[in-house]
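Input: a single structure, listed below in structure tokens.
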Amino acid sequence: MPEITEGRYRGEFLYSEACGTRSLETVTIDTGDLAAGTVLGRITKGAATGAAAAGNTGGSGAITEAPAVAAGAKAGVYRAVCIEPGTNAGKFLVTDPDGIILGVATVAVEFVGGGLTFTIADATDFVSGDSFTITVAAGSGKYVAYNQDGVNGSEIAAGILLDNVNATAADVEAVAYVRDCEVNGSEITWPADIEAAEKTAAIAQLAALGIIVR
């Protein structure tokens, strides 16, 4: 007799939830054939674009047109402002969209910080106040399977899928637990290659939403 593997059932991972439908939201699944209980991430950011500020009066150098985006980047506008001019050189103070200082970028040296990687190249020497912007586009807000190695927001655990969903051909609306519930940790689905420390971090991210993994 052939062996039959039983799949996941709707909500079988759930221990308890808030009154009414407070724990639930209708979400859009961007892609994937996902089982009930799949831990979800949300696409909150897209690609980055670097540009010189219109008011620059000194240097005619350029910044990387498409800075690399990594985990930790924020959607919004980063700024790099020249604070120390120099001949064929210069230093730029880098701040994130919330105004938090990330460090100092040196002309012609790759800068890595705040989830971004970029380089400011020199041409005509910069003067104090010359600046560049790096704009990280907002993401679609759609949901995908949590990916601890993602860079688009999917690396942050954002909910748990209620029922089986197949979005391989097109986006699909689904229902997910996004707050205030308790779930059975042995009945939810993680990426196959997730490591123990990564899972611990993701469980903490769920806990911040009120989703408690038992």
- Query: Does any residue in segment 143-164 that is under 13 Å from Val27 (Cα atoms) and of a type in the set (Lys, Arg) come within less than 6 Å, Cβ to Cβ, of a residue that is part of a strand (DSSP E or B) and at pLDDT 95 or above six or more places away or on a different chain, and which pairs are these?
  - Reply: none
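In a loop (DSSP other than H, G, I, E, B) and touching a strand residue (DSSP E or B) at 6+ places or on another chain (Cβ under 7 Å) - does that describe any residue in segment 83-101? Let's see the steps before the verdict.
In the first step, residues of segment 83-101 are kept if they are in a loop (DSSP other than H, G, I, E, B); the result is 87-88, 96-100.
After this cut, where a residue has to be touching a strand residue (DSSP E or B) at 6+ places or on another chain (Cβ under 7 Å) as well, the list is 96-97.
Checking segment 83-101: at least one residue is in a loop (DSSP other than H, G, I, E, B) and touching a strand residue (DSSP E or B) at 6+ places or on another chain (Cβ under 7 Å).
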- Quick count over segment 109-137, residues being closer than 15 Å to Pro67 by Cα and exposed (fewer than 13 other Cβ atoms within 10 Å of the Cβ), is 3
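Considering Thr200, Thr189, which residue is closer than 21 Å to Arg10 by Cα, of a type in the set (S, T, N, Q) and modelled with pLDDT of 95 or more?
Of the residues listed, the single one that is closer than 21 Å to Arg10 by Cα, of a type in the set (S, T, N, Q) and modelled with pLDDT of 95 or more is Thr189.
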- Message: Among the numbered criteria (1) under 19 Å from Ala192 (Cα atoms); (2) outside any loop (DSSP other than H, G, I, E, B); (3) not small (Gly, Ala, Ser), which one does Glu155 miss?
- Response: (2)
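So, in segment 156-175, how many residues would count as being farther than 16 Å from Arg8 by Cα and either among the β-branched types (Val, Ile, Thr) or buried (at least 17 other Cβ atoms within 10 Å of the Cβ) (or both)? First the steps, then the outcome.
So the first thing to find is which residues in segment 156-175 are farther than 16 Å from Arg8 by Cα, and the list is 156-159, 167-173.
With either among the β-branched types (Val, Ile, Thr) or buried (at least 17 other Cβ atoms within 10 Å of the Cβ) (or both) added as a condition, the list becomes 156-159, 167-168, 172.
Going through segment 156-175 one residue at a time, the tally reaches 7.
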- Note on the structure: Of all strands (runs of 3 or more DSSP E) fully inside segment 1-59, the set with 2 or more residues that are aliphatic (A, V, I, L, M) and either surrounded by fewer than 17 Cβ atoms within 10 Å (Cβ to Cβ) or modelled with pLDDT of 95 or more (or both) is 24-29, 39-42, 45-52
- Out of segment 79-107, which residues are loosely packed, with under 14 Cβ neighbours inside 10 Å and either of a type in the set (Lys, Arg) or modelled with pLDDT under 95 (or both)? Gly86, Thr87, Asn88
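The values are calculated or read from the model by the stated rules, or taken from the named source; none is laboratory data. None of the values given here were measured: they were computed from a predicted structure. Glycine gets a Cβ as well: all are built from the backbone with ideal geometry, and neighbour counts include every protein chain shown.
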